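Peer 1: Input: one structure, supplied below.
The values are calculated or read from the model by the stated rules, or taken from the named source; none is laboratory data. Predicted, not measured: the structure shown is a model, and the values here were computed from it. Here the Cβ positions follow ideal geometry from the backbone for every residue, glycine too, while neighbour counts run over all protein chains shown. The area values use the complete protein model at the heavy-atom level, side chains included, leaving out ligands, DNA and RNA. Shrake-Rupley method; radii C 1.70, N 1.55, O 1.52, S 1.80 Å.
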Amino acid sequence: NRVYRYIVDKLSQGEKLHFTLVDPDKAGNLDKLEELADLAASAGSDLFLIGGSTSVTPEEAGIVADTLKKTGLPVVIFPGNINCLTPRADAVLFMVLMNTLEPYYLMQVQVLAAPLIRKYGLETIPTGYIVFNMDTAVGHVGRVYPIPYSKPELALAYGLAAEMMGFKLLYLEAGSGAPSPIPPVFPQVIKRNTGLITMVGGGIRSPEAVVELLKAGADIIVTGTVMERDPVKGVEVVKAVKSYRGRDTSS
Ligand code: 1GP
């Protein structure tokens, strides 16, 4: 479990982490991908996530993993489905979409994927995944049953269940390209009441948003869109995570 240890070691030294999400659709333009990867790595991003999208071949995922690995950072699959799996990554977030109405994403896809993952020899990081925003691709594809923004106690119930089931990470997701990030009260309530590593992503596009979420107790910030659309801003966002020295209000 090398990647998991890498994450835990950094967190235990008081660091906050930044993960860069890359859509393997980018396999078509490897020069551009390499440029983006170098930019993210030199800004201080800690890890690459690949996946998210459903229109990806395992071959594309492999090419993208190889390209990202040149930076020396770990490459972890964030699977939208089985098609994203590749032995060329370092690990996979072994996820359960906890608030889905679709049995496939609750247990079936994990059962289908497990023998493949074993064959590939990939490290697995047990991850609870909660999607907040219905109006995103993941909300639609994942048949998400939304958690009202006014009910943090409901999100906490998911968090407690995730911890009791033995998940290590809890990923609180607004959805890629969401108009705004999830409200900070969500990571806050999870950090106050569980020992889970709290990862927040979706719609994060400014250093101010990063600081708010980190203050609330988020351990890991994930961004994808901002680095692709506005690299200067993307670098600022990574740096906001890595230079954060404030105290959490969660404890
Ligand atoms: C998707 O949360 C990530 O899982 C990234 O979202 O593309 O909005 O940064 P953005």
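Peer 1: Among residues belonging to the stretch 183-224 that are among the polar types (S, T, N, Q) and under 19 Å from residue 44 (Cβ atoms), point out the one that is nearest to the ligand (Cβ to nearest atom).
Peer 2: Top of the filtered list is 223.
Peer 1: Mind listing whichever residues of the stretch 225-246 are more than 12 Å from the ligand (Cβ to nearest atom) and part of a loop (DSSP other than H, G, I, E, B)?
Peer 2: 243, 244, 245, 246
Peer 1: What are the residue pairs meeting all of these: first residue in the stretch 207-222, first residue free of Cβ contacts under 8 Å to residues at least 24 places away in the same chain, second residue surrounded by fewer than 23 Cβ atoms within 10 Å (Cβ to Cβ), Cβ atoms under 6 Å, and 6 or more apart or on different chains?
Peer 2: That search, which allows pairs on different chains as well, returns nothing.
Peer 1: Among the residues of the stretch 17-54, count how many are hydroxyl-bearing (Ser, Thr, Tyr) and modelled with pLDDT of 95 or more.
Peer 2: 3
Residues checked against (1) open to solvent by 30 Å² or more (accessible area, probe 1.4 Å); (2) in contact (Cβ under 8 Å) with a residue 12 or more places away in the chain:
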{"position": "114", "(1), (2)": "yes, no"}
{"position": "125", "(1), (2)": "no, yes"}
{"position": "134", "(1), (2)": "yes, yes"}
{"position": "162", "(1), (2)": "no, yes"}
{"position": "179", "(1), (2)": "yes, yes"}
{"position": "201", "(1), (2)": "no, yes"}
{"position": "204", "(1), (2)": "no, yes"}
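Peer 1: Still on this structure: Considering 14, 62, 44, which residue is at positive phi and open to solvent by less than 40 Å² (accessible area, probe 1.4 Å)?
Peer 2: Only one candidate qualifies: 44.
Peer 1: Looking only at the stretch 132-154, filter to residues that are among the small types (Gly, Ala, Ser) and within 16 Å of the ligand (Cβ to nearest atom); which one of those is nearest to residue 224 (Cα to Cα)?
Peer 2: Per the criteria, the residue is 137.
Peer 1: Quick one: in the stretch 160-182, of everything that is of a type in the set (Ser, Thr, Tyr) and in contact with a helix residue (DSSP H, G or I) (Cβ under 9 Å, 6 or more places away or on another chain), which residue is farthest from the ligand (Cβ to nearest atom)?
Peer 2: 180
Peer 1: For the stretch 1-43, which positions are over 16 Å from residue 70 (Cα atoms), among the polar types (S, T, N, Q) and either within 16 Å of the ligand (Cβ to nearest atom) or touching a residue at least 40 places away in the same chain (Cβ under 8 Å) (or both)?
Peer 2: Selection gives 1 alone.
Peer 1: State whether one or more residues within the stretch 109-121 are within 17 Å of residue 93 (Cβ to Cβ), within 16 Å of the ligand (Cβ to nearest atom) and of a type outside the set (Lys, Arg).
Peer 2: The answer is no, given that none of the residues of the stretch 109-121 is within 17 Å of residue 93 (Cβ to Cβ), within 16 Å of the ligand (Cβ to nearest atom) and of a type outside the set (Lys, Arg).
Peer 1: Among the residues of the stretch 155-198, which ones are in contact with a Pro (Cβ under 7 Å, 6 or more places away or on another chain), in a helix (DSSP H, G or I) and of a type outside the set (Val, Ile, Thr)?
Peer 2: Across the stretch 155-198, the qualifying residue is only 186.
Peer 1: Identify all residues within the stretch 65-87 that are more than 16 Å from the ligand (Cβ to nearest atom) and buried (at least 20 other Cβ atoms within 10 Å of the Cβ); write none if there are none.
Peer 2: 65, 67, 74, 85, 86
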